[in-house]
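Have a look at the structure below, then the notes.
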Amino acid sequence: WDWNVVTNEDYFSDRWCALLGYTARELQPRYETWVEHLHPEDQARALAAVKAHLEKCAPYDLEYRLRTKSGQYRWFHASGQAMWDEAGKPLRMAGSITDITARKEAQEALRESEARYRKLFEHAPVGIVTADPTGRYLDANAAMCRMIGHPRDELIGLHISDIVSEKELEHIEPGLGAVNSRLDHRREWEFRRKDGSVFEGEVIATTMADGNLLGMVSDITERKQAEAALVQLSGRLLRAQDDERRRLARE
């Protein structure tokens, strides 16, 4: 495009018109044609960018949406350069646009995906942590913080060795080695809370695409207690059966 600031005539190339679904004859060669096709939410910002450039306050380089012939809006990256007379009065301004709709849509899809992940991460009923390959925590969800008794800002930066019981220390290096070798890890660990108490947790850990580690922790204290109670009950029943058999044998 090439805009004559003095006469307000604006030349749009065939390609510029085609990007919006028009032929060159369908668009009036004037500055207002561009303004009228700007998305209402982008118009003030785009006009301010032109004004700032003509006043030699800033380069002209920005992104905005233009309405196509079909009525849909597409994203464009625009850049341009003005020419001034000796007195500093703008004479003309020329530049180009590039359709970046696909990139903007991909960015939006990524933002939505990250938002869904964050919602799942924060509200998951099990503890979720991310750590670097050495086992130092990068992030933790609310469930994990409640389990371990550390607020998130305290937990981030701690190492695995800081939150497991002493008997587990010898298992850390082999566990990290397995996960960093892209082998999924599943094991029961004894964790140490901030107040010094311990609990049993089942850990599932894996390596993420960026090389960091993802772990999910479930507090299995109640399950372990139930299993222990079941073992005790089974023992009592077996002893009671033995006592009954001996009693019958005596009779």
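Some values worked out for this structure:
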| quantity | calculated |
| --- | --- |
| Per residue Cα convex hull volume in Å³ - calculated over the range 1-67 | 86 Å³ |
| Stokes-Einstein D for the chain, Kirkwood Rh over Cα pairs, 4 °C, 1.567 mPa s (µm²/s) | 53 µm²/s |
| Computed over the range 100-221, Kirkwood Rh from alpha-carbon pairs, angstrom | 15.2 Å |
| Cβ-Cβ FRET estimate between residue 195 and residue 119, R0 fixed at 30 Å, reported to 0.05 | 0.50 |
| Dipole of the range 1-107, positive direction: furthest Cα of 38, 73, 50, with charges on the beta-carbon | 73 |
| Helix-only mean residue ellipticity at 222 nm for the chain, each DSSP H run of n ≥ 4 adding -39500 (n - 2.57), per residue, nearest 500 | -13000 deg cm²/dmol |
| Amide hydrogen neighbours beyond the local backbone of residue 9, cut-off 5 Å, H modeled | 4 |
| Solvent-accessible area, 1.4 Å probe, carbon plus sulfur percent, for the chain | 54 percent |
| Average accessible area per residue (Å²) across the chain - probe 1.4 Å, nucleic acids and ligands excluded | 61 Å² |
| Neighbourhood charge, 10 Å Cβ-Cβ cut-off, centred on residue 156 and excluding it, Lys, Arg +1 and Asp, Glu -1 | -1 |
| Sequence ranges 79-88, 48-57, 177-186, ranked by mean other-Cβ count within 10 angstrom, highest first | 48-57, 177-186, 79-88 |
| Virtual spin-label span in nm between residue 35 and residue 172, 7 Å along Cα→Cβ | 6.6 nm |
| Estimated FRET transfer efficiency (residue 99, residue 212; beta-carbon r; R0 51 Å; 0.05) | 0.90 |
| Mean Kyte hydropathy of -1.0 or more with a Cα span along the axis of at least 18 Å, helices from DSSP in the chain | 40-54 |
| Chain lengthening between residue 111 and residue 138 when straightened (0.36 nm per residue, less Cα-Cα) | 7.7 nm |
| Cα-based Kirkwood hydrodynamic radius, the range 40-131, one decimal, Å | 16.5 Å |
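The values are calculated or read from the model by the stated rules, or taken from the named source; none is laboratory data. On a predicted model such as this, the values are computed, not experimentally measured, just so you know. Please note: Cβ atoms are built from the backbone with ideal geometry, for glycine as well, and neighbour counts cover all protein chains shown. To get the accessible areas, we keep the full protein, side chains included, count just its heavy atoms, and leave off ligands, DNA and RNA. Shrake-Rupley method; radii C 1.70, N 1.55, O 1.52, S 1.80 Å.
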